[in-house]
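Structure, as structure tokens:
The values are calculated or read from the model by the stated rules, or taken from the named source; none is laboratory data. All of these numbers come straight from a predicted model, not from anything done at the bench. Glycine also receives a Cβ, built like all others from the backbone with ideal geometry; neighbour counts cover every protein chain displayed.
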Amino acid sequence: MKRHFPLLCIAIVSLLLYLPFVSNGYINVDDAGLIWNNSAVMQFDVLRVFSSYDPELYIPLTLLTYQIEYVIAGASPLLSHLTNLLLHTLSALLVYAIVKRLTRSATVGLLTALFFAMHPMQSTAVLWASARKDLLSSALMLLSLHLYLKENKWSLAAFLGALLSKISVAVLPLLLLLIDVWEGKPMNRERITEKWPYFGLSFVFGVIAIFGKTTNLGSMSSSDYFLLSAKNIVFSVQKLFAPLGLSFMYPQSTEVSVAQPDFYIPIILLMFAAGLLYALRKRLSVVVWCLGWFVICMLPNLLTYSQNTNIIFASNRYVYLACIGVFMYISSLIVLQKRAVMLVLIPVLLGTCGVLTVAETRTWRSSEALMRSSLAAGYDHPMIHHNLAAALRKSGKKEEAMQEFLHAGNSGYAYSFKLAGDMQKERGNDAKATKLYEQSMEAVRKSGARGSTDLAAHYEIAALRQSQNNAPEAERILLEALKLGDHIASTYINLGTLYLETGNADTAKKYLLEAVKLNSFSAGAWYHLAFVYAQEMQHDKAVKALKRVLRIDPYYNGAAANLEQLENL
């Protein structure tokens with residue numbers, strides 16, 4: 001019993017801390033597109049998740065867990081949150097086993113695992129259903145590391161599972177080398193080459209990840225990445241030691257420039273810290289090692305700042321694994337203190353973590369509460385105002401939602417004008433709606449389009465002009481949309497549909513084929529291609545296209561009925 005007490009303690013603390021909040025609903029950031037409104041999740045189709053990105057990340061194992069949950073309970077947030085909590089608890093138990101093995105101290109292992117389980121920054125990964133990829137990949141990476149320390153051959157298989165959950169764990173081979181250094185093993189060619197299976201897997205999945213990230217590559221300069229990385233590292237360490245004013249993400253509001261104090265101050269601090277640690281590297285070898293763990297785990301996240309038209313300089317979930325190195329060092333220091341000091345430090349530090357985590361978890365009770373919390377913490381960004389507006393609209397607070405949409409739109413968030421226009425349209429104010437759509441279009445003309453939501457107003461106005469029998473104007477608007485974002489499949493689908501309705505099947509076919517080339521899982525593109533094939537009297541191709549639609553989305557409007565008609569011919 002004494003042997004298993006630390007494990008029992010860790011599990012109980014983790015479960016008690018978060019169980020009251022597993023009944024939370026989904027939030028309006030990513031959860032819809034990734035989980036409850038994702039056609040790749042709403043049916044059990046292993047082939048699909050292993051042959052596609054969602055939308056840029058290759059996370060088939062993560063999507064497979066969502067599929068299994070959907071089979072069991074439909075779009076249930078309860079099961080999603082419960083799974084996340086169990087994965088977090090498993091990770092905490094593995095942290096205990098790993099740190100205990102490295103330090104030869106059950107106390108250091110227990111304290112590190114408790115800090116890992118209880119720190120308020122971890123709540124983002126645990127309570128955000130869309131953060132499953134971070135939790136699942138982390139749990140499997142820690143399992144791989146644990147098995148490696150036990151010289152178990154299944155370590156590589158666990159690493160493969162981690163990579164299939166999210167590419168960010170590709171740094172594991174570097175951590176294995178770091179552990180070899182900790183254990184005093186010579187760092188020679190043989191030591192490196194024995195890790196080649198791990199490096200090989202990392203390389204393969206790195207290549208796969210690059211193919212999915214092509215829309216973001218090159219969107220920022222190397223100097224921007226350097227400045228944001230310096231800020232990210234210093235900011236994350238600061239929040240680990242002083243977890244106040246947390247936000248579910250941290251958008252960059254000022255210009256990315258070395259002239260800004262939020263960039264040059266972190267650079268100065270990092271240069272000073274690096275110089276000090278190098279000078280005292282022999283005396284502070286444990287500090288250097290623990291910070292090495294932190295930096296290695298942070299590396300993949302130093303390339304993920306651009307999200308649509310926003311720059312997110314930090315996120316709590318990106319520190320999920322990196323914090324282990326910091327907590328391990330803090331725990332080692334605590335254990336070195338006198339017993340009386342330990343008896344004060346441990347309950348104070350862990351109690352503070354627990355209180356702050358409970359406070360943080362309450363901000364996740366709804367999308368509105370989460371966005372208001374971020375604004376209260378000082379992150380006054382149009383993206384957050386937009387998400388707050390969407391939450392207010394859903395809860396029936398229409399006037400407040402309209403004001404938030406307009407605030408976000410006037411701050412540069414084009415899609416907010418589109419949704420504000422939709423609200424005016426619902427009220428019957430078509431003239432005001434059209435004006436807001438035009439404002440959205442003008443904003444996109446200035447910034448360019450990164451995704452289909454940026455062009456939503458173009459699609460709306462084009463559909464309006466088509467309904468007014470003004471096909472040439474609808475065509476002009478959609479061609480402008482194509483020019484603003486020629487990588488967006490939705491524009492090709494809209495053009496294909498327009499040409500199909502105006503009797504130009506050949507041109508429609510060209511655009512629809514381009515759409516499925518960009519997104520082979522676009523049910524809309526295949527559905528309209530079926531009509532083109534039917535007009536061309538290519539019966540077999542039309543049937544295959546409709547079957548593909550139903551495989552992608554079994555509930556696609558009209559697909560089943562049209563397929564039945566074709567098959568009865």
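Key figures
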read-out: Every residue from segment 25-43 that is crowded, with 20+ Cβ neighbours inside 10 Å and assigned to a helix (DSSP H, G or I); value: 31, 34, 35
read-out: Those helices (runs of 4 or more DSSP H) lying entirely in segment 142-245 with at least 3 residues buried (at least 16 other Cβ atoms within 10 Å of the Cβ) and within 20 Å of the chain's Cα centre (by Cα); value: 155-165, 196-212, 222-241
read-out: Cβ pairs under 8 Å, 6+ apart, first in segment 428-449 and modelled with pLDDT of 95 or more, second among the hydroxyl-bearing types (Ser, Thr, Tyr) and buried (at least 20 other Cβ atoms within 10 Å of the Cβ); value: 440/415; 440/416
read-out: Helices (runs of 4 or more DSSP H) wholly inside segment 45-120 containing at least 3 residues that are surrounded by 18 or more Cβ atoms within 10 Å (Cβ to Cβ) and at pLDDT 95 or above; value: 60-73, 77-103, 106-118
read-out: Criterion: assigned by TED's automatic domain parsing to the domain that holds residue 267, of a type outside the set (S, T, N, Q), in contact with a Gly (Cβ under 8 Å, 6 or more places away or on another chain) and touching a residue at least 60 places away in the same chain (Cβ under 8 Å) - qualifying residue of 179, 167, 208, 233; value: 167
read-out: Count of residues meeting criterion [over 14 Å from residue 513 (Cβ atoms) and surrounded by 16 or more Cβ atoms within 10 Å (Cβ to Cβ)] in segment 526-541; value: 1
read-out: Checklist (1) modelled with pLDDT under 95; (2) more than 30 Å from the chain's Cα centre (by Cα) applied to residue 523, failing item; value: (2)
read-out: In segment 426-462, residue surrounded by the most Cβ atoms within 10 Å (Cβ to Cβ) [restricted to those that are part of a loop (DSSP other than H, G, I, E, B) and not polar (S, T, N, Q)]; value: 449
read-out: Boolean, residue 520 is over 30 Å from residue 569 (Cα atoms), in the same structural domain as residue 408 (by TED's automatic domain parsing) and touching a Ser or Thr at 6+ places or on another chain (Cβ under 8 Å); value: no
read-out: Check on residue 431, within 26 Å of the chain's Cα centre (by Cα) and either over 28 Å from residue 502 (Cβ atoms) or among the small types (Gly, Ala, Ser) (or both); value: no
read-out: Cβ pairs under 8 Å, 6+ apart, first in segment 463-475 and assigned by TED's automatic domain parsing to the domain that holds residue 422 and buried (at least 18 other Cβ atoms within 10 Å of the Cβ), second assigned to a loop (DSSP other than H, G, I, E, B) and not hydrophobic (A, V, I, L, M, F, W, C); value: none
